[in-house]
């Protein structure tokens, strides 16, 4: 996705990442607009178009690219421009947790599910109900976690750790990775059916996102648009 040379500011405020996951609603009175993505280059025009296109569709969004080039910024921009913008936005780094802890963070747990589970806890799928869940580094998910995510995408249901009853959830998934997931599928490390689900909403016109494509970066006050435009060729997204 094209880079965003934004005169030292991101399109919308970045979250403070004091924890591996964060939950935030849209600030009252905040009215994000794609025109806030500054720049008149073809790359910036395409960026604004692509953000609006992805925001309007109900499908998952997959962003692929190197670390530190703005994948969460894409996720927040899509959320802020879509019909779920008044609902919660949750984010989690899938690589920051063990398999067991990640399952608890995402799906929650029942009281007594394991030692120390003194009360029932909601996971991020429930906390972000009606909104958007950003799964950073989705390529790091274990086979077990991939299977659980696939079930959510297929059936819209989750099951807390320690429970036998499934619960319906309505959450839009935006996933990001610094791996080439198609290569991971060929190597047997990522499920092909999960990748299909993450890419299922890609419209026919999105073939422009090829090779290593492009994505937005937040830009920095001391760096010019030419440098940001150079970084724009290092990533891609699909929706």
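The values are calculated or read from the model by the stated rules, or taken from the named source; none is laboratory data. Remember, predicted model here, so these are calculated numbers, not experimental data. Don't worry about glycine lacking a Cβ; one is built from the backbone with ideal geometry, like all the others, and counts go over all protein chains shown.
The table for this structure:
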| quantity | calculated |
| --- | --- |
| Yes/no for residue 55 being modelled with pLDDT of 80 or more, on the phi < 0 side of the Ramachandran plot and not in a loop (DSSP other than H, G, I, E, B) | yes |
| Residue, surrounded by the most Cβ atoms within 10 Å (Cβ to Cβ), within segment 127-139, restricted to residues that are out of contact with any helix residue (DSSP H, G or I) (no Cβ under 9 Å at 6 or more places or on another chain) and in a loop (DSSP other than H, G, I, E, B) | 128 |
| Complete set of residues in segment 86-109 that are over 14 Å from the mean Cα position of the chain (by Cα), assigned to a loop (DSSP other than H, G, I, E, B) and over 16 Å from residue 148 (Cβ atoms) | 86, 87 |
| Search result, residues across segment 129-144 that are more than 19 Å from residue 64 (Cα to Cα) and at pLDDT 95 or above | 130, 131, 143 |
| Residues satisfying the stated conditions in segment 140-158, i.e. buried (at least 17 other Cβ atoms within 10 Å of the Cβ) and either without any contact (Cβ under 8 Å) to a residue 12 or more places away in the chain or outside any helix (DSSP H, G or I) (or both) | 141, 158 |
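To keep it simple, each residue is scored yes or no on (1) over 21 Å from residue 171 (Cα atoms); (2) surrounded by fewer than 20 Cβ atoms within 10 Å (Cβ to Cβ); (3) in contact with a helix residue (DSSP H, G or I) (Cβ under 7 Å, 6 or more places away or on another chain).
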{"residue": "48", "(1), (2), (3)": "yes, no, yes"}
{"residue": "51", "(1), (2), (3)": "no, no, yes"}
{"residue": "55", "(1), (2), (3)": "no, no, yes"}
{"residue": "60", "(1), (2), (3)": "no, no, yes"}
{"residue": "68", "(1), (2), (3)": "yes, yes, no"}
{"residue": "76", "(1), (2), (3)": "no, no, no"}
{"residue": "81", "(1), (2), (3)": "no, no, yes"}
{"residue": "89", "(1), (2), (3)": "no, no, yes"}
